[in-house]
Amino acid sequence: MPKISFVKGRPAVEVEEGANLMKALLKNQVPVASSCKGQLICGKCVLTIADGGHNLSAITPDERDLMEIKDVPSGHRCACNASVEGDITVDAPYW
Ligand code: FES
């Protein structure tokens, strides 16, 4: 099972392969900011992918458009639009 590790302090969590990143974090009591409930509109769920970005599903054209609109730098992903295929390390400013 893929492992999600955190840059700051939190213990790592194991998730089902292919799990939606935002749902997997919420299921493990890790908060993820959102005001659109995962509809790829608000951009608040953006996380820093510190390691293992290749273990996430590919960025879709809609996610790329949203990240351009929100001026999100590379190395970040919308958690609501990413599936976890392998081990990753993530961070958020509010953790
Ligand atoms: S939760 Fe709103 S864009 Fe991901």
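Provide the gained length on full extension for the span E16 to H54, in nm with one decimal, where the gain is 0.36 nm per separating residue minus the Cα-Cα distance.
Here the segment from E16 to H54 would lengthen by 12.0 nm.
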Simple Cβ-charge dipole of the chain, Lys/Arg +1 and Asp/Glu -1, about Cα centre, in debye nearest 20: 380 debye
Estimated vicinal HN-Hα couplings, Hz - the stretch 70-82 in sequence order (Karplus 6.51, -1.76, 1.60; Gly, Pro = x): 8, 6, 7, x, 4, x, 10, 9, 6, 4, 6, 10, 10
Counted charge near N55, where neighbours are those whose Cβ lies closer than 13 Å (Asp, Glu -1; Lys, Arg +1): -2
Phi to ³J(HN,Hα) by Karplus 6.51 cos²θ - 1.76 cosθ + 1.60 over the stretch 21-26, Hz, x for Gly, Pro: 4, 5, 5, 5, 5, 4
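Regarding the chain, what whole-number volume in Å³ per residue does the convex hull of its Cα atoms give?
84 Å³
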Charge dipole (the chain, unit charges on Cβ, about Cα centre) - positive-most of G18, V46, N28: N28
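Taking 0.36 nm per intervening residue step and subtracting the Cα-Cα distance, what contour gain separates L40 from D91 on full extension?
16.5 nm
All of the numbers you see were taken from the coordinates with simple rules; none came from a lab. Since the model is a prediction, treat every value here as computed from it, not as a measurement. Cβ sites come from the backbone with ideal geometry, for glycine too, and all protein chains shown count toward neighbours.
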